[in-house]
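The following block contains the structure, expressed as structure tokens.
The values are calculated or read from the model by the stated rules, or taken from the named source; none is laboratory data. These numbers come from a predicted model, not from an experiment. Please note: Cβ atoms are built from the backbone with ideal geometry, for glycine as well, and neighbour counts cover all protein chains shown.
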Amino acid sequence: MTPDRRDQAIRAAVEQGLLGGDTEPVVALLDIAGIRAGAASLRTAFQQVTDAPVLHAFAVKAAPLVGVLRLLGSEGLGAEVASPGELALARAAGIPPDRIVLDSPAKTPGELRAALDLGIAVNADNAQEIDRIEALIGALADGTVPASPMGLRVNAQIGAGTIGALSTATATSKFGVGLRDERARDWVVRTFLDRPWLTRLHTHSGSQGLPLELMAAGVRTVYELAEEINAAAGRQQVDTLDIGGGLPVNFATDEETPRFADYAQVLDREVPGLFDGRYGLVTEFGRALTAKHGMVLARVEYAKRTGGRPIALTHAGAQVATRTVYAPGAWPVRIAAYDTKGHPRTGPDVVQDIAGPACFAGDLLAEARGLPLLEQGDVVAALDTGAYYFTSHYAYNSLVRPAVYGFREEAGGGGIAFTLVRDAQTMEEIVAESGGAHPDALL
């Protein structure tokens, strides 16, 4: 999202009343054209290095909104789901079963049975889950092989990135089978040889803060494992490699780096044979597809000064930017300042805090940040928040989920048009979620 396009959208949001009055002190915006462009760049990046079939399955957890999933579906993407709720969202968005991948590390028998009934791809996490799937397959009439493609998730154990909590390929990560554990690799090979219905391998090494070369090392490990299994089987039993996602995002500037093409080229260089057409591929990018194409706008309710430092009290805090509030060093968010009419605020930078509405002192979008001095009624924009921010609501203080709008340029230069993606949460919904139908339950 270019600065000019961002400024235009924010001014239009203020002028059209999306942000204002008592009911809409915070709102989220998604750039429709930007999301489409991101999907196109992902497709093109892999088309430039392989003719093999590639399913790009968007990681639903990054932006669990039906409208986003349907938009990406219209661009040819599928969905990677990790819970019954995410599966329901993908189905509501019209994503066909053959473009859905189930990756939850804690699937219940009911979830697995539903996946088999739908024919969606399943990546098992561990030996116990393999046994559970095998029992379900054995229960099928006449020994029918399930329509669902079946795979196993492995952990290449390549190490952590700069954010430990998000690193999925450490020695003790909870995900998948650790290949460097004693006798684990031999177990994986034997498990595939004994179960011809296992035809996929899955790994997810990428995460924010992980170098592309380290991500590629994880993919190389699973590729080499597939080659070993197929050689032992004397045929190509493993026909698809799910290489996960986790492409890092630049949260420091407007520049979109690294690019999907950068990663595809690193894979092409570091994993010879991956793109030669023998393996179908699945990717599971999420953050990199939507983060740069979303923002949260919040009104400055009060501007005050404490201890000599200016503080802008806004309506965007932990409920929309949970990671930033609790781990600001790992997840700093860029803030842009606008006046009451939605125009960029000018003036010298003044060190100030941008605070949220939650009742604890650390509820800060930014601390000691240099910005033009904000005043009551101004607007702040939290940038690059199109993934894992306003869609992953934190209900502290029973703060409402904000409305989400998509925006696009009207034909013929007619300005910005907005479409409602998700309604703002109502007080009635908050009460209902908090047991309002059972007020006497504990009396």
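So which of Gly246, Gly273, Gly277 is surrounded by 14 or more Cβ atoms within 10 Å (Cβ to Cβ) and either part of a helix (DSSP H, G or I) or not aromatic (Phe, Trp, Tyr) (or both)? Give the steps one after another, and end with the answer.
Details: Gly273 fails: surrounded by 14 or more Cβ atoms within 10 Å (Cβ to Cβ); Gly277 fails: surrounded by 14 or more Cβ atoms within 10 Å (Cβ to Cβ).
Every option except Gly246 fails the conditions.
On to the next question. Given the structure, is Ala13 surrounded by 18 or more Cβ atoms within 10 Å (Cβ to Cβ) and not assigned by TED's automatic domain parsing to the domain that holds Ala264? Before the answer, list the steps.
Working: surrounded by 18 or more Cβ atoms within 10 Å (Cβ to Cβ): yes; not assigned by TED's automatic domain parsing to the domain that holds Ala264: yes.
The answer is yes for Ala13.
What are the residues in the range 396-443 that are among the basic types (Lys, Arg) and either touching a helix residue (DSSP H, G or I) at 6+ places or on another chain (Cβ under 7 Å) or in a strand (DSSP E or B) (or both), if any? Can you show your working first?
Of all residues in the range 396-443, those among the basic types (Lys, Arg) come to 401, 408, 422.
Answer for the range 396-443, where residues must be among the basic types (Lys, Arg) and either touching a helix residue (DSSP H, G or I) at 6+ places or on another chain (Cβ under 7 Å) or in a strand (DSSP E or B) (or both): Arg408, Arg422.
Moving to a separate point now. One residue is enough: does the range 208-224 have a residue meeting the conditions at pLDDT 95 or above and closer than 20 Å to Val122 by Cβ?
Looking through the range 208-224, none of the residues is at pLDDT 95 or above and closer than 20 Å to Val122 by Cβ.
Next question. Can you tell me how many residues within the range 335-394 are surrounded by fewer than 21 Cβ atoms within 10 Å (Cβ to Cβ) and of a type in the set (S, T, N, Q)?
The total comes to 4.
Restricting the search to the range 218-239, which residues are surrounded by fewer than 20 Cβ atoms within 10 Å (Cβ to Cβ) and out of contact with any helix residue (DSSP H, G or I) (no Cβ under 7 Å at 6 or more places or on another chain)?
Once the filter is applied, which keeps residues that are surrounded by fewer than 20 Cβ atoms within 10 Å (Cβ to Cβ) and out of contact with any helix residue (DSSP H, G or I) (no Cβ under 7 Å at 6 or more places or on another chain), the range 218-239 yields Glu224, Glu227, Asn230, Ala231, Gly234, Arg235, Asp239.
Right, next: Any residue at all in the range 70-80 that's under 19 Å from Arg200 (Cβ atoms), surrounded by fewer than 21 Cβ atoms within 10 Å (Cβ to Cβ) and of a type outside the set (D, E, K, R)? Before you say what the answer is, go through the steps one by one.
First, the residues of the range 70-80 that are under 19 Å from Arg200 (Cβ atoms): 77-80.
Next, only the ones that are surrounded by fewer than 21 Cβ atoms within 10 Å (Cβ to Cβ) stay: none.
The answer is no; no qualifying residue exists.
Of all residues in the range 192-204, how many are more than 27 Å from Leu247 (Cβ to Cβ) and either free of Cβ contacts under 8 Å to residues at least 40 places away in the same chain or buried (at least 17 other Cβ atoms within 10 Å of the Cβ) (or both)?
Applying the first criterion (more than 27 Å from Leu247 (Cβ to Cβ)) to the range 192-204 yields 192-198.
Within this subset, residues satisfying the condition of being either free of Cβ contacts under 8 Å to residues at least 40 places away in the same chain or buried (at least 17 other Cβ atoms within 10 Å of the Cβ) (or both) are 192, 194, 198.
Residues in the range 192-204 being more than 27 Å from Leu247 (Cβ to Cβ) and either free of Cβ contacts under 8 Å to residues at least 40 places away in the same chain or buried (at least 17 other Cβ atoms within 10 Å of the Cβ) (or both): 3 in total.
I would also like to ask the following. Filter the range 426-443 for residues that are on the phi < 0 side of the Ramachandran plot and loosely packed, with under 11 Cβ neighbours inside 10 Å and give the result.
Taking the range 426-443 and keeping what is on the phi < 0 side of the Ramachandran plot, we get 426-434, 436-443.
The answer is Met427, Glu428, Ala437, His438, Pro439, Asp440, Ala441, Leu442, Leu443.
For residues in the range 186-207 being touching a Pro at 6+ places or on another chain (Cβ under 9 Å) and at pLDDT below 95, which is nearest to Ala233 (Cα to Cα)?
Among them, the one singled out is Trp197.
Out of Ala312, Ala303, I need the residue that is surrounded by fewer than 21 Cβ atoms within 10 Å (Cβ to Cβ) and closer than 23 Å to Val26 by Cα. Which one? Reasoning before the result, please.
On the way: Ala312 fails: surrounded by fewer than 21 Cβ atoms within 10 Å (Cβ to Cβ).
Just one listed residue meets the conditions, Ala303.
Looking at (1) at pLDDT 95 or above; (2) under 30 Å from Arg323 (Cα atoms), which one does Thr162 not meet, given that it meets all the others?
Status for Thr162: all satisfied but (1).
List every residue pair whose Cβ atoms sit under 7 Å apart, with the two residues 6 or more apart in sequence or on different chains, where the first one lies in the range 366-389 and is farther than 18 Å from Arg305 by Cα and at pLDDT below 95 and the second, anywhere, is small (Gly, Ala, Ser) and not in a strand (DSSP E or B).
Pairs found: Tyr388/Ala62; Tyr389/Ala321.
Name the pairs: first residue in the range 73-99 and closer than 19 Å to Arg43 by Cβ, second residue at pLDDT below 95, Cβ to Cβ under 6 Å, at least 6 apart or on different chains?
Filtered contacts from the range 73-99: Glu80/Asp103.
Give the range 16-42 a look and list any residue that's in contact with an Asp or Glu (Cβ under 8 Å, 6 or more places away or on another chain), under 24 Å from Leu72 (Cα atoms) and surrounded by fewer than 16 Cβ atoms within 10 Å (Cβ to Cβ), or say none.
Matches in the range 16-42: Ala33, Ala40.
Which of (1) buried (at least 22 other Cβ atoms within 10 Å of the Cβ); (2) farther than 17 Å from Thr419 by Cβ does Lys61 not meet, given it meets every other one?
Going through (1) buried (at least 22 other Cβ atoms within 10 Å of the Cβ); (2) farther than 17 Å from Thr419 by Cβ one by one, Lys61 breaks only (1).
Six or more apart or on different chains, Cβ under 9 Å: which pairs go from a residue in the range 33-51 that's part of a helix (DSSP H, G or I) to one that's among the hydroxyl-bearing types (Ser, Thr, Tyr) and crowded, with 20+ Cβ neighbours inside 10 Å? Could you list them?
That search, which allows pairs on different chains as well, returns Gly34/Thr290; Ile35/Thr290; Gly38/Thr290; Leu42/Thr283; Ala45/Tyr263; Phe46/Thr283.
Which of (1) free of Cβ contacts under 8 Å to residues at least 12 places away in the same chain; (2) crowded, with 19+ Cβ neighbours inside 10 Å does Val320 not meet, given it meets every other one?
(1)
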